[in-house]
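Read through the structure below, which is laid out as structure tokens, and then see the notes.
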Amino acid sequence: MEENKNAVPEELLEKDEQSFFDFQLIYTTLILNWKWFVFSLIVCLGAAYAYLRYTTPMYQAYAKLLIKDDERSPRGNSIQNAANLGLITNSNGIDNEMELLTSHSIAEASVRDLKIYVNYFMEGKVRDHELYRTQPFNIDVDAAHLNRLDVPMRIIIEKTSVGYSITGTYYVTLTEGRVDGPFTINKSVSQIPTVINTKAGTISITRNMLSMVKDLNEGQILKVKISSPKMAAYKYIRNLAVNQTSKTTTIAQLTLEDQIPQRAIDYLKQMAVAYNRQANEDKNEIAQKTESFINSRLEKINAELGSTERSEE
């Protein structure tokens, strides 16, 4: 028994010595290799700086939508402000309305109304800077060919000493989803507005009267990307999240991620407008069909009553 009692403290001492020896080894390793640790820290900080410097930041815009029942209140104003939007639905379930808010038809209508299927970029030394509402020119394609842009059209406008140099590439959609191209654009104009006729449609270039920047400086380059509204809508559907704030309320919260905060706010506003417009169109269609049905029944009743009166006479 005494031998066992003496053996236990000796084992503990050996463990303490071993742990103390390991601590000394770690400490010595850190001291001898401090340069590598400093070098690793510098590399990590440099990589983080490069990521933050060259990665485009993403912003989130929020909006709360009140979904009302048609039986309880009439359809009213849909937009209160960017943070509190009021919607009145054409169905009774908030789950159905949340699905409708993420539908492609509403997204495409919103994109078409705001014309955000066109992206503008100002060329920079490090990276191109995307513009929204501040571009000096507005560029668009005629409506007949806009939906057929299965491949985005890219245009470059450069200010020269004698005018503007307009270059670009585009594709033409053929039957069965096939595309032909690429075709090039190479035109010099002395002034803007101007029109360019291509196989993919008519391109119109006008001045943006709402922008504080009225023109490009000599040598400055404006890059433009034009997509079909159908293709551009998928981006906003992918970045949009619709959630119910509480199980006891009929308020839905929308969260949209975008590189430009103002564009995200404008999209949420226009989405409410497009939703109400489509709901009104559905109601008008139902009302017209109901009126047509009632009129047809009245005509039959009048015809039957007239035949009955004639038979009685």
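Can you tell me which residue is nearest to the chain's Cα centre (by Cα) among those in segment 261-277 that are closer than 13 Å to residue 65 by Cβ and open to solvent by 40 Å² or more (accessible area, probe 1.4 Å)? Looking at residues that are closer than 13 Å to residue 65 by Cβ and open to solvent by 40 Å² or more (accessible area, probe 1.4 Å), I get 269. Residues that are among the hydrophobic types (A, V, I, L, M, F, W, C), in a strand (DSSP E or B), farther than 25 Å from residue 100 by Cβ and modelled with pLDDT of 90 or more do occur in segment 223-233, at least one of them. Scanning segment 50-72 for residues that are modelled with pLDDT under 75 and open to solvent by 100 Å² or more (accessible area, probe 1.4 Å) turns up 51, 52, 54, 71, 72.
For segment 74-108, which residues satisfy the criterion of being among the hydrophobic types (A, V, I, L, M, F, W, C), over 14 Å from residue 266 (Cβ atoms) and at pLDDT 50 or above?
As a first pass, look at segment 74-108 and keep what is among the hydrophobic types (A, V, I, L, M, F, W, C): 79, 82-83, 85, 87-88, 94, 98, 100-101, 106-107.
Adding the requirement that they be over 14 Å from residue 266 (Cβ atoms) leaves 87-88, 94, 98, 100-101, 106.
Of everything in segment 74-108, those that are among the hydrophobic types (A, V, I, L, M, F, W, C), over 14 Å from residue 266 (Cβ atoms) and at pLDDT 50 or above turn out to be 94, 98, 100, 101, 106.
When you scan segment 105-126, how many residues do you find that are under 13 Å from the mean Cα position of the chain (by Cα) and farther than 16 Å from residue 227 by Cβ? Working first, answer last.
First, pick out the residues of segment 105-126 that are under 13 Å from the mean Cα position of the chain (by Cα): 106-112, 114-119.
Within this subset, residues satisfying the condition of being farther than 16 Å from residue 227 by Cβ are 106.
Residues that pass the stated criteria total 1.
Which of the residues belonging to segment 166-183 are in contact with a strand residue (DSSP E or B) (Cβ under 6 Å, 6 or more places away or on another chain) and within 15 Å of residue 149 (Cα to Cα)?
Residues of segment 166-183 in contact with a strand residue (DSSP E or B) (Cβ under 6 Å, 6 or more places away or on another chain): 166-174, 179-183.
Correct list: 168, 169, 170, 171, 172, 173, 174, 179, 180, 181, 182, 183.
Just wondering, is there one or more residues in segment 266-284 that are among the hydrophobic types (A, V, I, L, M, F, W, C), within 18 Å of residue 102 (Cα to Cα) and out of contact with any strand residue (DSSP E or B) (no Cβ under 9 Å at 6 or more places or on another chain)? Yes; the residues of segment 266-284 include at least one that is among the hydrophobic types (A, V, I, L, M, F, W, C), within 18 Å of residue 102 (Cα to Cα) and out of contact with any strand residue (DSSP E or B) (no Cβ under 9 Å at 6 or more places or on another chain).
For segment 249-297: of the residues being of a type in the set (Gly, Ala, Ser) and not in a strand (DSSP E or B), which is farthest from residue 110 (Cα to Cα)? Spell out the reasoning first.
Initial filter on segment 249-297 (of a type in the set (Gly, Ala, Ser)): 252, 264, 272, 274, 279, 287, 292, 296.
In the following step, the residues that additionally are not in a strand (DSSP E or B) were identified as 264, 272, 274, 279, 287, 292, 296.
On the way: 264: 11, 272: 9, 274: 6, 279: 14, 287: 25, 292: 32, 296: 38 Å.
Per the stated criteria, the residue is 296.
Taking segment 167-213 as the range and being among the charged types (D, E, K, R), modelled with pLDDT under 90 and under 27 Å from the mean Cα position of the chain (by Cα) as the test, only 178 passes. Annotation for segment 186-201: at least one member residue is open to solvent by 90 Å² or more (accessible area, probe 1.4 Å), in a strand (DSSP E or B) and either in contact (Cβ under 8 Å) with a residue 60 or more places away in the chain or over 30 Å from residue 125 (Cα atoms) (or both).
The number of residues in segment 157-182 being farther than 20 Å from residue 232 by Cα and among the β-branched types (Val, Ile, Thr) comes to 6. Taken over segment 122-148, residues that are in contact (Cβ under 8 Å) with a residue 24 or more places away in the chain and farther than 17 Å from residue 215 by Cβ amount to 13. Scanning segment 232-258 for residues that are open to solvent by 60 Å² or more (accessible area, probe 1.4 Å) and within 11 Å of the chain's Cα centre (by Cα) yields 234, 235, 238, 257.
The values are calculated or read from the model by the stated rules, or taken from the named source; none is laboratory data. Computed from a prediction, not measured in an experiment: that's the story for all the values here. Quick reminder, even Gly has a Cβ in these numbers, built from the backbone with ideal geometry, and neighbours come from all protein chains shown. Ligands, DNA and RNA are excluded from the accessible area calculation, which covers all protein heavy atoms including side chains. Shrake-Rupley method; radii C 1.70, N 1.55, O 1.52, S 1.80 Å.
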